[in-house]
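Worksheet for the structure shown next.
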Amino acid sequence: MAVDSLNAALAAVTAHGLPGAEVSAPRTPLDDDSWTLFLANVAPQGLSGLLAAAVSDGTIPATEAQRAEVHDRHLSSMVTVLLLERLLLESVEALAAAGVETRVLKGSAVAHLDYADPALRPFRDVDLLVRGDDLPRTVDVLRQAGIVARANELRRGFASRFGKGITLYTHEAYEIDVHRTFAHGAFGTRVPLGDVWDGQQELRLGGQVLHALRAEERLLHAAFHCVLGGPAPKAISVRDVAEMALYGDYSQDRLRSTARAWRAEAVLAVAVRHAWRSLRIADITAVSSWAARYEPTLADRRLLRMYQSDASYAAHAMSSLRAVPGVRGKAAFIQSLALPDQRFLEVHEMTRVQWLRRGVARVGQALRDPERGP
Amino acid sequence: MRQTYRRRDQALWRSIPDGVVLLPPAGNDPVAVRGPGQALWAALDEHRTVEDLVERLAAGFGAAPEQVDQEVRQLLDHLVSMGVVEVETWRSTA
């Protein structure tokens, strides 16, 4: 199967159910080799739900065997989703009992609040937002439930103050991403988190009332995922942006003012443009018109290129440093990077001198070419 | 006295093309319910009597109520035993 044909088929699945999307689906069932390659790409792109729907209604032609295979894989992904939602409910309840406020991010929140049928939106982990100050307590509470971090923090308190968050794992290897902000590097540091915590949208799940981001912030977070995750966004991230931008219950004015407050208008504009272009969406909406006209600043374009390349951790650290407010904040940030905890160094099998030498070399490289990978 | 049936809020679930997959509140093994079970689960979004459920499913499948009555009751018993459907008993008002 040619790469173009594969990409076209995946785009057709990604756009399934969007009336204004002018992507062409295959006209006949794929041959065995093409089907194998196509199916191998579906789950990593988060498309099992959309494919199941597309095959069921005939949009994507399939043989009986292919249809059965799609249904089996979709059932498997939905089983995972339900077990993750159980984990989400137990984690939020335990954290609430310890006085930790949470917001449900991505996965379950988007599935229930932004898709007509949550089965269209599978996910593979749990994502929660907590306040930076609550990160240590969050890790402690979840550790008591057997959910632990595998990697050590750079320096005690770094994640709470500067990091994007911490990843923890259950015994069954399910992942819980506990976020402090929405991206590493400058775009994450820029988010005024106090504003985020000022509001919420209810998510009723399993007899409990959870809290998610408001619609405008969910769309911005989806844009972050689409644009800031590397060179090629996951298809489901693109669909999230399209779905929310087209059908989300958000205020245009609040969306634009929030994007401005986050200094993330460039991210939103690029994400919407990418979704409209890759899914060939013909609809013209207020946000798509704005995105088409928006001109990112030179600095933001450079920053976006860094995220979309495989830029090094040092490069992102440098961009974060610029965004950290105040001299004391910047000094604390530099100190954390330059003087990690001994435990961190032991896990990475480095001496302090080796760490410093490597850091200096990578910072030098980042200064010369920020978009280059390590 | 009349009894009504309704999905438990604590039951997590997702639709699948030919049915619904359910995770009971007490249990770690999701269960797929297919065929008429999908329509029954959809109808259990509110408190409903068995008779109401039988009528709804019969209408949905273009069958007479007596043709689906036994299957609906068996499915309902199964969902109740799984812990995903709650039973409420209402005192009839005079």
Quick calc, chain B, dipole around Cα centre from Cβ unit charges on Lys, Arg (+) and Asp, Glu (-), nearest 20 debye, gives 200 debye
Karplus-derived HN-Hα couplings along region A:65-71 (A = 6.51, B = -1.76, C = 1.60, θ = phi - 60°), whole Hz, x at Gly and Pro:
5, 5, 4, 4, 5, 4, 5
By the C-alpha gyration tensor axes a ≥ b ≥ c (rounded if a/c is under 1.5, else prolate when a/b exceeds b/c, else oblate), the shape of chain B is oblate
Once you place label points 7 Å from the Cα toward the Cβ at A:Thr28 and B:Ser81, how far apart are they in nm?
4.9 nm
In region A:106-129, whose amide N lies under 20 Å from the spot 7 Å out along Cα-to-Cβ of A:Tyr169? List them in ranges.
A:123-128
Where the only charges are on Cβ atoms (+1 Lys, Arg; -1 Asp, Glu), what is the dipole of the protein assembly as shown about its Cα centre, to the nearest 20 debye?
2620 debye
Report the trypsin sites (Lys or Arg not before Pro) located in region B:19-94 that are in a DSSP loop and have at most 16 other Cβ atoms inside 10 Å of their Cβ, or state none.
B:Arg91
Net charge near A:Leu82, counting Lys/Arg +1 and Asp/Glu -1 over other residues with Cβ under 12 Å of its Cβ?
0
Low-density loop cleavage sites - GluC sites (Glu not before Pro) in region A:247-352, where at most 15 other Cβ are within 10 Å (DSSP)
A:Glu349
Got a sec? Charge dipole of chain A, +1 on Cβ for Lys and Arg, -1 for Asp and Glu; which of A:Gly49, A:Ser251, A:Leu279 is way out at the positive end?
A:Ser251
Could you pull out every residue, at least 5 positions away or on a different chain, whose amide H is within less than 5 Å of the one on A:Asp341? Hs are placed 1.01 Å off N in the peptide plane, and Pro or chain starts have none.
A:Arg155, A:Arg156
What are the ³J(HN,Hα) couplings of region A:317-329, residue after residue, when phi is run through the Karplus curve with 6.51, -1.76, 1.60 and θ = phi - 60°? Round to Hz, x for glycine and proline.
4, 4, 5, 5, 4, 5, 8, 5, x, x, 5, 5, x
Give the range of the longest stretch in chain A that excludes all trypsin sites (Lys or Arg not before Pro) found in loop regions by DSSP and having at most 11 other beta-carbon atoms within 10 Å.
A:151-374
Which lysines have a Cα less than 23 Å from the Cα of A:Lys234, not counting those fewer than 8 places away in the same chain?
A:Lys106, A:Lys164
Can you show me the helix-derived [θ] at 222 nm for chain A, built from DSSP H runs with n ≥ 4 at -39,500 (n - 2.57) apiece and divided by the number of residues, rounded to the nearest 500.
-17500 deg cm²/dmol
With +1 on each Lys and Arg Cβ and -1 on each Asp and Glu Cβ, and nothing else charged, work out how big the dipole of region A:44-185 is about its Cα centre, in Debye to the nearest 20.
660 debye
Cβ-based charge dipole, chain B, positive-most Cα from B:Met1, B:Val72, B:Gly27
B:Gly27
So what's the net charge close to A:Ala269: Lys and Arg +1, Asp and Glu -1, counting the other residues with Cβ under 13 Å from its Cβ?
+4
Estimate for me the total accessible surface buried between chains B and A (protein heavy atoms, probe 1.4 Å, no ligands or nucleic acids), in Å² to the nearest 100.
1500 Å²
Only sites in a loop by DSSP and with at most 11 other Cβ atoms within 10 Å count here; which GluC sites (Glu not before Pro) in region A:152-255 make the cut?
A:Glu172
Could you please report the charge total around A:Pro340, scoring K, R as +1 and D, E as -1 over all other residues with beta-carbon less than 11 angstrom from its beta-carbon?
+1
Dipole of the protein assembly as shown (Lys/Arg Cβ +1, Asp/Glu Cβ -1, origin at the Cα centre): which of A:Leu75, A:Trp197, A:Ala235 lies farthest to the positive side?
A:Trp197
Distance (nanometres) between label positions extended 7 Å along Cα→Cβ at A:Arg322 and A:Thr285
3.2 nm
List of region A:83-106 residues, accessible area with partners at least 40 Å² below that of the chain alone (1.4 Å probe)
A:Leu83, A:Arg86
Once R0 is set to 51 Å, what does the formula 1/(1 + (r/R0)^6) return for the Cβ-Cβ distance between A:Ile334 and A:Glu69, expressed as a FRET efficiency to the nearest 0.05?
0.45
Using the Karplus equation 6.51 cos²θ - 1.76 cosθ + 1.60 (θ = phi - 60°), what ³J(HN,Hα) coupling, rounded to whole Hz, does each residue of region A:47-59 give in order, writing x for Gly and Pro?
9, 4, x, 5, 5, 4, 5, 5, 6, 5, 9, x, 4
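The values are calculated or read from the model by the stated rules, or taken from the named source; none is laboratory data. Since this is a predicted model, take the numbers as computed values, not measurements. No Cβ is skipped: glycine too gets one built from the backbone with ideal geometry, and neighbour counts run over all protein chains shown. All accessible areas refer to the heavy atoms of the entire protein, side chains included, with ligands and DNA or RNA removed. Shrake-Rupley method; radii C 1.70, N 1.55, O 1.52, S 1.80 Å.
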